[in-house]
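The values are calculated or read from the model by the stated rules, or taken from the named source; none is laboratory data. Since we're looking at a predicted model, the values are computed, not measured. Here Cβ is always computed from backbone atoms with ideal geometry, including for glycine, and neighbour counts include all displayed protein chains.
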Amino acid sequence: MAVRAVRGAIQIEINDAVRIEQGVVKLIKKIIGVNKIDVTKIISIIFSQTSDLDALNPAAALRTIGFGETPLFCTNEPDIIGSMERVVRVLITAESENSFNPVYLEGAEKLRSDLAN
């Protein structure tokens, strides 16, 4: 079976644990749904978040809906002048024969307007 990766991002309205959790769950569910990813075939998930989002770790948000056996990793985005604020990005690696489509939500479409759905 081939190994594929898919990216996604969501802009979070405010730095609040509930909003971060809701955004992360929405993003992951949308990526999995759009790409018909079998969650048992997910190898790992890497999150990054801008430094202005510090109310909740995205991995902790995802654990609220399972993913207890999935390796999750989080890191901070570099602070670049002019970068979009309050963004959680994700890279999901999974076994699949299908190609994947990236998902950008809640304003994050601006990050990759060439790829956004």
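Touching a residue at least 40 places away in the same chain (Cβ under 8 Å) and of a type in the set (Ser, Thr, Tyr), is that true of residue 83?
For residue 83, the condition - touching a residue at least 40 places away in the same chain (Cβ under 8 Å) and of a type in the set (Ser, Thr, Tyr) - is not met.
Do any strands (runs of 3 or more DSSP E) lying entirely in the range 1-95 carry at least 2 residues that are at pLDDT 95 or above and aliphatic (A, V, I, L, M), and which ones are they?
3-11, 42-49, 87-95
Check 69, 97, 77 and return the single one that is surrounded by fewer than 20 Cβ atoms within 10 Å (Cβ to Cβ), in contact (Cβ under 8 Å) with a residue 40 or more places away in the chain and more than 11 Å from the chain's Cα centre (by Cα).
Within the list 69, 97, 77, the selection yields 97.
Restricted to the range 11-42, and to residues that are among the aliphatic types (A, V, I, L, M) and more than 20 Å from residue 94 (Cα to Cα), which residue is surrounded by the most Cβ atoms within 10 Å (Cβ to Cβ)?
Per the stated criteria, the residue is 12.
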